[in-house]
Structure formats: structure tokens, C-alpha cells
Amino acid sequence: MRALVTGGAGFIGSHLAEALLRRGDSVRVLDDLSTGRPQNLESMDNWARAGGGRAELVTGDIRSPQDCRAAMRGIEVVFHQAALGSVPRSVADPKTTDDVNAGGTLNVLLAAREAGARRVVAASSSSVYGDTPTLPKSEEMPSDPLSPYALSKLAGETWCRLFYRLYGFETVALRYFNVFGPRQDPDSQYAAVIPRFWTALLEGKSPVVYGDGEQTRDFTYIDNVVQVNLRAAEAPAEACGLAYNIAFGRRVSLLELLRIMGRLAGASAAPRFEPGRAGDVKHSLASIERAQRLLAYRPEIGIEEGLEKMLAYRQVTGRL
């Protein structure tokens, strides 16, 4: 496969680039390095040598149609991971979030169709559901975004659906539920909860919990996400034009998560509670039946095994 991974220097994108290269595909990464980290790709040439594929890093911005067209030359499948994440950041700056996540997705789709790519597999988010009390969340439920970030991801997946319906261009949108794993930046002010908890626990500090800690999330280990991206690229045409929940199918409260992590790390620290953040949802749990049926998705690594893998990675590399 000749693949383009947008946002390939990011957490999810770098794991996807690694998996593609290790199996022998040729991979071009497009990233503006604004939130992606170059160190995530420092082994890219080694991954390519191990699989016999070819690796290329292109610095560019998906907000630029010219950058998208240049990166798309000769590409068969696009794994569109580039995005500006974080609900709080989107609340503070909704315009930039929309420009990147909605407008950038449109640029990627236009360039891919123009270049003759076969399919775009695009990252969406569970945040599109909002704070509906109905659990588990299924793709047939109405969307109700509570933040500019959630709205921008819904706009991006709607563009994907329209490109399939209007032009017959193959697209698949994957609604990620709280992905975690190695290479997840713990230092950003917008960092996800698991790397923030790890950093606090391992440094003997009190982890910060926003709200009461009883909010629940369906945490999804990165290997499960990589698996379903690869399968989405090869799924039959009838799987296209749809959005899919990508999760493990189990919800855990933040306080339970902290207890599990403390036990695994042999550390204990009382959390420091701070007010809940605007745009955050209270409970999240996914139905993954559609992805299982149409994408052959089979999540294999649960939360405890995934957390153990993060600790093992830190022991080897010295970083999360």
C-alpha cells in the first residue's frame, strides 16, 4: 500500500505509520509539527528497513490546499489523523479548531479525490454524541456536540459522508473513544487524563481530577485503534460512507482508573479535585457492534493490559 498519514508525528498517527511501515507499506507522513512531536518518528527509517517499505516525512499544514495536493501524489489510501485536539483549547479558540478539523478535512478529501486515491479513513471522536444519558452510545443516536472541538469533528465526518454519497469517493470515519498508549504527550496543558495521571503518580504528586471523578470513559488502547484503521482501509465498499465507534466496550470512572494505575505503579497519591471543565461529558460507553460487523474490528487489549504496556514502554525508553 502507498499510504499517507496526516498528523503522522502525533500519538495515534505515529503508531499507525509504524504499523504500516513494519508490514512493508510505503508511508508518507504529513504534519506541521505544531502538536505532533518529531521524537515520535525518530525510528521511522528503522521501521521502514524492518518491513522493506519506504518512509517519507513532509512538513505541511492541512489548512493549505497546496500542501494537501503535494502530499497526495501517488497515494492509494489516506489515514487522516491530523487534528487540533482538546475540548478546553477549542473553547478558548473555536476558530482555529474549526479551520483545522473541519476545513482541513475538506482539503484532504478534495486533494485525495483529485489525486485518484482509493479511500480516506478519517479520525472522528466520541465527543460528537454530547452528554446524552443513553448508554451505550450507538451510531444511530443523534449527535449533540457540547464544544467547538466536538462540532468540528462532526463536520469533518459529515464531509466524509457527503463525499461518498455525492461523488462515490470511498470514506470511513472512526469515532475514537479516549485512546491511550505510549507516545501520548503528558506535558501539554491539554494532555489526556492517563498520561497526566501517570506523570503525577510516578513523580509522587497528587493527580488533578476535574469534577468529582465519578465521570466514566471507555478507554481504548492504541493497538486496537491501529488494528481497526488497517481493516477500515481494506473493508468492502458497503462499509464506506459510515461512522464507527472505536472503543473497548467497558467504562471506567476516573477514580477507578486512578486506583488501577496506582496499584500497577506501586504508588498512591490522593487526587486534587478541581472544578469540572466546560464541554466535558459525564459518561461515555460505546456500542462497537457496527465496527465488529462491517470492519471486522476485534479489540484485544483492555485497559489494565494497556496500562501495563505503557509502564513497560517507560521502563525501556524513559518516557511515556
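Here are a few things to note about the model shown:
- Extension gain from Y210 to E304, taking 0.36 nm per residue of separation minus the Cα-Cα distance: 31.6 nm
- Folded to 0 to 90 degrees: helix 11-22 orientation relative to the chain principal axis, Cα: 50 degrees
- Take the Cβ atoms of D223 and E140, set R0 to 25 Å, and the FRET efficiency comes out at 0.35.
- In this structure the amide hydrogen of S125, modeled in the peptide plane, comes within under 5 Å of the amide hydrogens of Y176, none closer than 5 places in sequence on its chain.
- Gain in span if fully extended, Q66 to F273, counting 0.36 nm per residue against the direct Cα distance: 69.9 nm
- Gain on full extension, evaluated as 0.36 nm per residue between A312 and N46 minus their Cα-Cα distance, stands at 93.7 nm.
- Taking other Cβ atoms within 10 Å as a rough exposure proxy, I260, I75, I246 sort from fewest to most as I260, I75, I246.
- Percent antiparallel among DSSP beta bridges (both partners in region 2-317, rounded to 5): 5 percent
- Within the listed set V172, V121, V208, the Gaussian network model of the chain (springs between alpha-carbon atoms below 10 Å) gives the highest mean-square fluctuation for V208.
- Distance from the C-alpha centroid of region 251-316 to that of region 6-74: 27 Å, rounded to the whole angstrom.
- Mean sequence separation of contacting Cα pairs (under 8 Å, at least six apart), scaled by the length of the chain, corresponds to a relative contact order of 17 percent.
- Inter-label distance for K282 and E238, nm, one decimal - labels placed 7 Å from Cα along Cα-to-Cβ: 4.0 nm
- Checked against a 31 Å cut-off, the cross-linked pairs K95/K309; K137/K205; K205/K282; K153/K205 give Cα-Cα distances beyond that limit for K95/K309; K137/K205; K153/K205.
Read-outs throughout are calculated quantities, based only on the coordinates presented, and are distinct from any laboratory measurement. Just so we're clear, the structure is a prediction, and the values are computed from it rather than from any experiment. Here the Cβ is made from the backbone with ideal geometry for all residues, glycine too, and neighbour counts use every protein chain on show.
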